[in-house]
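S.K.: Following this message is one structure expressed as structure tokens.
The values are calculated or read from the model by the stated rules, or taken from the named source; none is laboratory data. Note that the coordinates shown come from a computational prediction; the quantities given were computed from them, not determined experimentally. Ideal geometry is used to build each Cβ from the backbone, glycine not excepted, and the neighbour counts take in all protein chains shown. For the accessible areas, the whole protein counts, side chains as well, though only heavy atoms, and no ligand, DNA or RNA atoms are used. Shrake-Rupley method; radii C 1.70, N 1.55, O 1.52, S 1.80 Å.
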Amino acid sequence: MSVLDDKLKLLPDKPGVYVMLDKDGQIIYVGKAKNLKNRVRQYFFNSVKTDKVMAMVSNVADFYYIIAPSEIDALSLENNLIKKHKPRYNILLKDDKTYPYIRVDLREAFPTFKVTRKIKKDGAKYFGPYMGGVSVRSVIELLNLAFGVRPCEKVLDPKKPLKPCLNYHIKKCTAPCSGAVDKEEYLKSVDRAMDFLAGDVTLAKDLLKQKMLSASMNEEFELALKYRENLFSLDKIALKRLTALNKFISADVIACRSNGIYMAVSLLVVRSGRMLGGKNFSFNSIHESDAEALKEFMLRYYDKSDDFPEEVITEVELDDSSVLEKYFKDKFDKDLTIIHAKQGVRRQLLDMAGVNASEHLEVAVDKIKHKDDMTVSACAKLKEILNLKNYPKRIECYDISNISGVDKVGSMVVFNDGEPDRESYRRFKIKTVEGADDFKSLKEVLERRFERLKTDPEKFPKPDLMVIDGGKGQLSAICEVFERLGVSDIDLISLAEREEEIFTLKSKDPVVLSKSDYCLRMLIRLRDEAHRFAITYHRSLRGKRALSSVLDGVRGLGKVKKRALLERFKDVGGIALATKEQLVTVEGIGEALADTIIEVLNKEGLR
């Protein structure tokens, strides 16, 4: 390690980011340091290390560092480099399940409450997330029944009152569209509904009880039953209230457990003093302390999250929590306080999270090992079996989809260390090929892909391995593109579907692996994903074309309104299933135009 020894002596006593490289020049770990000299030297000199840290260090052939003006700048740079390079030893959280929220925009004349899974900086108010057995649709219905806020999304004009719809007659709406309630009174109902969403269930309970009794006295027994069902839902929500917590407290409670190699993190979500549920994560850990692992987890998790709490409660004390707080403030404009709780109800919540993390770790260990076999280990073994030039960290696979040469499309899917990297997937609409010629279409896609490597290497970085669906003939045809463009530093193989044989440029004979081999199974997952992605895009184009042809005869429906319909209902099938009430919620689609659309769809036999 003489080269490394020389570089270690030159490390500065300054904050910055260090980047570890393996013998192939691949980035395998990125870290942040308050003092680069002290931090990096710890890896290579006598200190107690976990097995995972020792395994990482044994793969380090070189490193470099970047000095940063401050620790916060180092934190930001570290985060950007990890997102860009996805090093195998860093914590790489996959997109978590997105939970629903309720959105209300008070700038609307008659605001409505909608379900969404994405929080945007659009001036609206968001409540949630809804998890742990509480149905967000049930909450919306409860708002409609208790407070009379409208369930539809029509753009209302007070000067043009409409006839009340069915929701008014079944007591789910006060019908502001008809003028049955004025704007001031309606907004009072909206305020009461928001108080309920913020945690005050008392008024909603009283209103539902009154309405249930009134409906029963009027012998509207079905409606009374609906009110009673919603009272049960309300009780379910009320049970989640943590009586020892202030109702305004919004916190994420985080605990972690490690066995020295693997780590599990449990995150409990508390909003408005109510326990909404929790999420569990598991990953390899090369961190020397739980505090270090927790800091990196928080960076990865909140970088992907739309929902920031007011507090993050941790059972591990973070020595630089103020740096993290300032980082989140600078990057996301969020005032987030990190609290190390030692007693009280917050400590009880941490104990609960700790139990969840311990149980998840027991279950997760075998899954993580299996995942390693299917991903990183499979990539390393594939390099040996096929004698590849590079470790296949970034693998790209291509597929073509069309029907009789119409709506020809190409797909590029990317696996990073053996796992799908969906943010890097790309789609191509074939431009120069006439008819159904998959060879020429694939050549066009690769030529355009290599052109983007020159002009936009950030979005189209160089792959280590390209995989083509097909046999020796397809591989030879694509090899011509490589030779013509002078591409020599990227490995190329093909996978023949029938017998799942692997063809390379180094032998006339295919490489045949057992169907249970993890390398082959990874390649099959890659090929199938490329096929799925191509077909999805093809269907999308076909749906747009079908929509255009079906609706061409609708007077008053131009390109802008067609596009609006497609954005809302996805394809012509979705439009065909839409009710008139749903059609008129699309901007520019009035009742008369909705009637015409329905008439045309009926004539085409689509409804």
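S.K.: For residues that are outside any loop (DSSP other than H, G, I, E, B) and either basic (K, R) or open to solvent by 80 Å² or more (accessible area, probe 1.4 Å) (or both), scanning just the range 147-179, find the one that is farthest from A215 (Cα to Cα).
M.R.: Per the stated criteria, the residue is L166.
S.K.: So if I check each of M466, M412, which one is assigned to a strand (DSSP E or B), within 24 Å of S377 (Cβ to Cβ) and within 35 Å of the chain's Cα centre (by Cα)?
M.R.: On the way: M412 fails: within 24 Å of S377 (Cβ to Cβ).
Result of the check over M466, M412: M466.
S.K.: Is it true that M20 is in a helix (DSSP H, G or I) and not β-branched (V, I, T)?
M.R.: Numbers: in a helix (DSSP H, G or I): no; not β-branched (V, I, T): yes.
Taking the combined requirement at face value, the residue does not satisfy it.
S.K.: With the range 27-141 as the region, which strands (runs of 3 or more DSSP E) entirely inside it contain at least 2 residues that are within 24 Å of F297 (Cβ to Cβ) and open to solvent by 40 Å² or more (accessible area, probe 1.4 Å)?
M.R.: Those strands (runs of 3 or more DSSP E) span 62-67.
S.K.: Note down all Cβ pairs under 8 Å where the first residue falls in the range 20-38 and is under 25 Å from V323 (Cβ atoms) and without any contact (Cβ under 8 Å) to a residue 40 or more places away in the chain, the second is of a type in the set (V, I, T) and assigned to a strand (DSSP E or B), and they're at least six residues apart or on different chains.
M.R.: Going by the 8 Å Cβ cut-off, the qualifying pairs are L36/I67.
S.K.: Between residues in the range 582-600 that are closer than 16 Å to K160 by Cα and charged (D, E, K, R) and residues that are open to solvent by 30 Å² or more (accessible area, probe 1.4 Å) and part of a helix (DSSP H, G or I), which pairs lie under 8 Å by C-beta distance while being six or more apart or on different chains?
M.R.: Filtered contacts from the range 582-600: E591/K580.
S.K.: What is the one condition in (1) under 25 Å from the mean Cα position of the chain (by Cα); (2) part of a strand (DSSP E or B) that I400 does not satisfy?
M.R.: (1)
S.K.: The conditions are (1) open to solvent by less than 60 Å² (accessible area, probe 1.4 Å); (2) farther than 21 Å from K125 by Cα, and D182 fails exactly one of them. Which is it?
M.R.: (1) is the only condition that D182 fails.
S.K.: Out of all the residues in the range 430-445, is one or more among the acidic types (D, E) and either in contact (Cβ under 8 Å) with a residue 40 or more places away in the chain or part of a strand (DSSP E or B) (or both)? It would help to see each step written out before you state the result.
M.R.: Restricting attention to the range 430-445, the residues satisfying the condition of being among the acidic types (D, E) are 434, 437-438, 444.
From what's left, either in contact (Cβ under 8 Å) with a residue 40 or more places away in the chain or part of a strand (DSSP E or B) (or both): none.
The answer is no; no qualifying residue exists.
S.K.: Would you say V550 is at pLDDT below 70 and in a helix (DSSP H, G or I)? Break it down stepwise before answering.
M.R.: Working: at pLDDT below 70: yes; in a helix (DSSP H, G or I): yes.
Against the criterion (at pLDDT below 70 and in a helix (DSSP H, G or I)), V550 qualifies.
S.K.: What is the one condition in (1) modelled with pLDDT under 90; (2) within 25 Å of the chain's Cα centre (by Cα); (3) in a helix (DSSP H, G or I) that A357 does not satisfy?
M.R.: Going through the list (1) modelled with pLDDT under 90; (2) within 25 Å of the chain's Cα centre (by Cα); (3) in a helix (DSSP H, G or I), A357 breaks only (1).
S.K.: So the check is Cβ under 9 Å with 6+ separation or different chains; which pairs have a first residue in the range 376-389 that's on the phi > 0 side of the Ramachandran plot and a second one that's modelled with pLDDT of 90 or more and crowded, with 16+ Cβ neighbours inside 10 Å?
M.R.: Short answer, once both residue conditions are applied: N387/T504.
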